């Protein structure tokens, strides 16, 4: 996964966001979302993101997988990332 060409991931006083500098929009990430995005930006796939989340948080694999896939879908639909 890669961020869009005009997208940056920044930490704000309210948490992490994906900032689309071209469109002027942003997408807030919760802590597990940050972990998933960072894992995939570092070259991991969905399964690695799921493993990172289940290692850190009390969530089962099936729920984490659904959440990661949903997050990816939302980010792709908003044109913030490419797969």
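Conditions tested, residue by residue: (1) over 17 Å from residue 83 (Cβ atoms); (2) in a strand (DSSP E or B); (3) modelled with pLDDT of 95 or more.
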| position | (1), (2), (3) |
| --- | --- |
| 9 | no, yes, yes |
| 18 | no, yes, yes |
| 32 | yes, no, yes |
| 40 | no, no, yes |
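Residue-level check: of (1) in a helix (DSSP H, G or I); (2) surrounded by fewer than 18 Cβ atoms within 10 Å (Cβ to Cβ), residue 72 misses just (2). Working carefully through the options 65, 83, find the one that is touching a helix residue (DSSP H, G or I) at 6+ places or on another chain (Cβ under 7 Å), surrounded by fewer than 19 Cβ atoms within 10 Å (Cβ to Cβ) and at pLDDT below 95. After ruling out the rest, the residue left standing is 83. Counting only residues that are more than 23 Å from residue 66 (Cα to Cα), buried (at least 18 other Cβ atoms within 10 Å of the Cβ) and either under 11 Å from the mean Cα position of the chain (by Cα) or without any contact (Cβ under 8 Å) to a residue 24 or more places away in the chain (or both), segment 20-46 holds 0 of them. A single entry from 23, 58 fulfils the requirement of being closer than 14 Å to residue 80 by Cα and in a loop (DSSP other than H, G, I, E, B): 23.
The values are calculated or read from the model by the stated rules, or taken from the named source; none is laboratory data. Here the structure is a predicted model, which means the values were calculated and not measured. Here the Cβ is made from the backbone with ideal geometry for all residues, glycine too, and neighbour counts use every protein chain on show.
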